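The structure appears right after this line, and notes come after that.
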Amino acid sequence: MIIKQLSDNEIRIQIFKALSDEVRLNIIAMLYEKQTEMSCGEIGETLDINKSTASYHFKTLREAGLTTTRKKGQNKYVSLNIDAFNEILPGFLDTL
C-alpha cells in the first residue's frame, strides 16, 4: 500500500472544509470553551444532534487533524488538537 503525503494546501483545504459547517464550528467552540475533553454523547446531547450525525461530524474534524478521539470502554472522548490550530490557524480559537 502506498501512503500519500498531503501537501500544505491539501491540508488547508481539508481543514477549511471541516470548519465550513456550523455544527462542527459549534463543536470546536464548545470544546474550546470547556478547555477539556468531552464525551461524544455529551456534545451530541448539548447540541441536540443525533448519534449518527454527531459521529459524522466527529470523524470529519478528526480526519482534518483538528480534534483527537480517545476511547474508554464504550465511550469516546473528543478534545481539540490545539497544536494544529496554533500551527495552521493561529488566533482562530480566540475568535469563537
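Numerical summary
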{"quantity": "N86 versus N9: modelled label distance in nm, points set 7 Å from Cα along the beta carbon direction", "calculated": "2.9"}
{"quantity": "Compactness relative to 2.2 N^0.38 Å, alpha carbon Rg of the chain", "calculated": "1.08"}
{"quantity": "The chain: Lys pairs at Cα distance under 24 angstrom, eight or more positions apart or on different chains", "calculated": "18"}
{"quantity": "Degrees between helix 8-18 axis and first principal axis of the chain (Cα, 0 to 90, nearest 10)", "calculated": "20"}
{"quantity": "Amide H within-cut-off set for K76, under 5 Å, with H built and near neighbours excluded", "calculated": "C40, G41"}
{"quantity": "Residue with peak Gaussian network fluctuation, the chain [Cα springs, cutoff 10 Å], from I15, I49, I28", "calculated": "I49"}
{"quantity": "From phi via Karplus (6.51, -1.76, 1.60), per-residue ³J(HN,Hα) for segment 26-39 in Hz, x at Gly/Pro", "calculated": "5, 5, 4, 4, 5, 5, 5, 5, 6, 6, 7, 6, 9, 6"}
{"quantity": "Charged-residue dipole, Cβ positions (Lys, Arg, Asp, Glu), the chain about Cα centre, Debye nearest 20", "calculated": "480"}
{"quantity": "Gap separating the Cα centres of segment 18-34 and segment 36-66, nearest whole Å", "calculated": "9"}
{"quantity": "Label-point separation in nm, K59 to E22, each point 7 Å along Cα→Cβ", "calculated": "2.4"}
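Values quoted throughout were computed directly from the atomic coordinates according to the rules given, and no laboratory measurement underlies them. Quick caveat: nothing in here was measured; it's all calculated off a predicted structure. Heads up, the Cβs are rebuilt from the backbone with ideal geometry, glycines too, and the neighbour counts pull from every protein chain shown.
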